[in-house]
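> Structure in structure tokens, see below.
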Amino acid sequence: MNSIDKPNNIKIHFIIGSGRSGTTLLFHILNNHKNCVSSPEFKHLLLFYEKYHDMKEVTAELLKDVEQFGTIMKDADDMSDYYDYSNSKFSLTLGEKINYFEFCKRVYYILANNKENTDEITTIIDKNPNYTLYVDKLNTILPDAKFLCAIRDYRSYVLSNIQSKGYNAKHLPIQYHALVWMFYNKLVLKIKNKYFDKVKIIKYETLVSEKEASLKEICYFFNIEYDLTILNFQSSIKQNDDKQRHERITNKMNALSKPINTDRLESWKGVFTNFQLKVIDFWCGNLGSEFGYKASTKISLFESIAILLISFPYYIRVWTYFKLKSVHLDFYLNEGRRAKYFNSLKKK
């Protein structure tokens with residue numbers, strides 16, 4: 001596997017960790033920094049790597065692949081309110097002599113609509129929760145990359161998921177979401193223990209309750225200038241007035257339009273039944289304690305057996321996803337299905 005040839009004055013770093021742990025909040029904050037471009041799960045860097053990492057010019061095949069990719073992302077991206085995908089400032093030209101890094105940079109810079117001067121950009125921060133699975137690969141192709149891992153109290157994480165109005169809302173049970181949290185954060189610990197100073201773990205609870213201190217640490221970690229004003233990122237978001245937006249998009253937009261607050265830090269209390277909390281604690285409690293989250297229940301042997309039985313099908317499902325580690329499969333299963341779903345809504 002080859003590293004990406006790129007100029008030393010541009011760095012690419014990553015926001016990883018399970019979704020619904022503050023990753024979207026982090027990318028909006030950092031995208032408001034004059035020296036940064038931060039992206040909302042575009043996935044292009046790894047998606048195109050195997051095929052084009054040694055490219056020397058823009059080919060017709062690349063343009064065709066990029067067009068297909070762009071169509072899917074535009075249809076699937078529930079953050080499309082914030083970006084002008086028609087931005088042609090960084091468009092590709094057939095036969096243009098560029099390498100793979102320059103190609104990736106062009107795609108990232110499409111998101112730089114709020115930047116008056118892209119010449120000031122020194123740092124690209126790619127927010128991709130599923131890149132948690134590919135840190136070894138990313139570290140190989142980008143040896144100077146750093147990884148900001150977002151984590152959140154596992155009970156708040158489960159609650160956020162079951163209350164979501166997602167495009168594929170199937171009301172998956174709490175044991176599924178608890179298992180996803182467990183698998184993701186086992187990886188976070190493994191990554192931290194392997195890469196040490198190249199990895200920083202940021203707790204959602206700390207981010208929203210100690211905003212300034214957290215921002216200073218993050219800026220220092222990414223080696224960018226500390227700028228307190230970027231916490232007020234809401235003014236840089238360009239929203240449209242589409243009355244037919246999906247409910248999940250509307251909810252996300254409303255949440256992001258508000259100042260950073262601590263309103264939902266313990267919103268899980270009083271929501272789950274005692275047994276539901278035991279299910280969540282069973283899968284997440286021991287690992288959660290390593291991040292400072294304290295379990296709230298005690299589980300008997302009989303209850304442990306019952307939880308294992310009701311969780312088994314979902315354990316296999318989540319385990320399989322983490323074992324497969326397929327960038328292309330993940331893209332078409334997630335973005336592809338989401339694009340299909342949003343297109344079906346438009347036809348109604």
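The values are calculated or read from the model by the stated rules, or taken from the named source; none is laboratory data. This structure is a prediction, so every number in the text was calculated from the model and none was measured. Neighbour counts run over all protein chains shown; Cβ positions are idealised from the backbone, glycine included.
> Please determine whether any residue of the range 81-91 is buried (at least 17 other Cβ atoms within 10 Å of the Cβ), in contact with a Leu (Cβ under 7 Å, 6 or more places away or on another chain) and modelled with pLDDT under 90.
Scanning the range 81-91, I find at least one residue that is buried (at least 17 other Cβ atoms within 10 Å of the Cβ), in contact with a Leu (Cβ under 7 Å, 6 or more places away or on another chain) and modelled with pLDDT under 90, so the answer is yes.
> Give me the residue from the range 41-68 that is of a type outside the set (A, V, I, L, M, F, W, C) and part of a loop (DSSP other than H, G, I, E, B) and, out of that set, farthest from LYS192 (Cα to Cα).
Among those residues, the one meeting the criterion is THR59.
> When ASN130 is evaluated against the numbered criteria (1) modelled with pLDDT of 95 or more; (2) in contact with an Asp or Glu (Cβ under 8 Å, 6 or more places away or on another chain); (3) among the polar types (S, T, N, Q), which criterion, by number, is the only one it fails?
Result: ASN130 fails condition (1) only.
> Got a sec? Which of ILE4, ILE29, ILE15, ILE72 is under 19 Å from ASP136 (Cβ atoms) and under 18 Å from the mean Cα position of the chain (by Cα)?
So the residue among ILE4, ILE29, ILE15, ILE72 that is under 19 Å from ASP136 (Cβ atoms) and under 18 Å from the mean Cα position of the chain (by Cα) is ILE15.
> Could you say which residue among THR23, THR59 is farther than 27 Å from SER160 by Cα and polar (S, T, N, Q)?
When all the criteria are applied, what remains is THR59.
> Looking at (1) more than 16 Å from ASP144 (Cα to Cα); (2) free of Cβ contacts under 8 Å to residues at least 24 places away in the same chain, can you tell me which one PHE196 breaks?
Of (1) more than 16 Å from ASP144 (Cα to Cα); (2) free of Cβ contacts under 8 Å to residues at least 24 places away in the same chain, only one is false for PHE196: (1).
> Identify the residue in the range 269-316 that is of a type in the set (D, E, K, R) and surrounded by 13 or more Cβ atoms within 10 Å (Cβ to Cβ) and, among all such residues, is farthest from VAL158 (Cα to Cα).
Here the residue is GLU303.
> Within the range 41-59, work out how many residues are within 28 Å of TYR226 (Cα to Cα) and surrounded by fewer than 20 Cβ atoms within 10 Å (Cβ to Cβ).
Here the count works out to 0.
> Output the residues belonging to the range 8-40 that are in contact (Cβ under 8 Å) with a residue 60 or more places away in the chain, part of a loop (DSSP other than H, G, I, E, B) and surrounded by fewer than 23 Cβ atoms within 10 Å (Cβ to Cβ).
Residues satisfying the conditions are ASN9, ILE10, GLY19, ARG20, ASN32, LYS34, ASN35.
> Consider VAL180 carefully, then state whether it is of a type in the set (Val, Ile, Thr), at pLDDT below 95 and within 20 Å of ARG20 (Cβ to Cβ).
No; evaluated as a whole, the condition is false for this residue.
> Within the range 16-23, does at least one residue satisfy the condition of being among the β-branched types (Val, Ile, Thr), under 19 Å from ILE201 (Cα atoms) and at pLDDT 95 or above?
Checking the range 16-23: at least one residue is among the β-branched types (Val, Ile, Thr), under 19 Å from ILE201 (Cα atoms) and at pLDDT 95 or above.
> OK, next. I'm trying to understand the selection: among the residues of the range 92-123, which are at pLDDT 75 or above, touching a Phe, Trp or Tyr at 6+ places or on another chain (Cβ under 9 Å) and more than 20 Å from TYR52 (Cβ to Cβ)?
Within the range 92-123, THR118, ILE121, THR123 meet the criteria.
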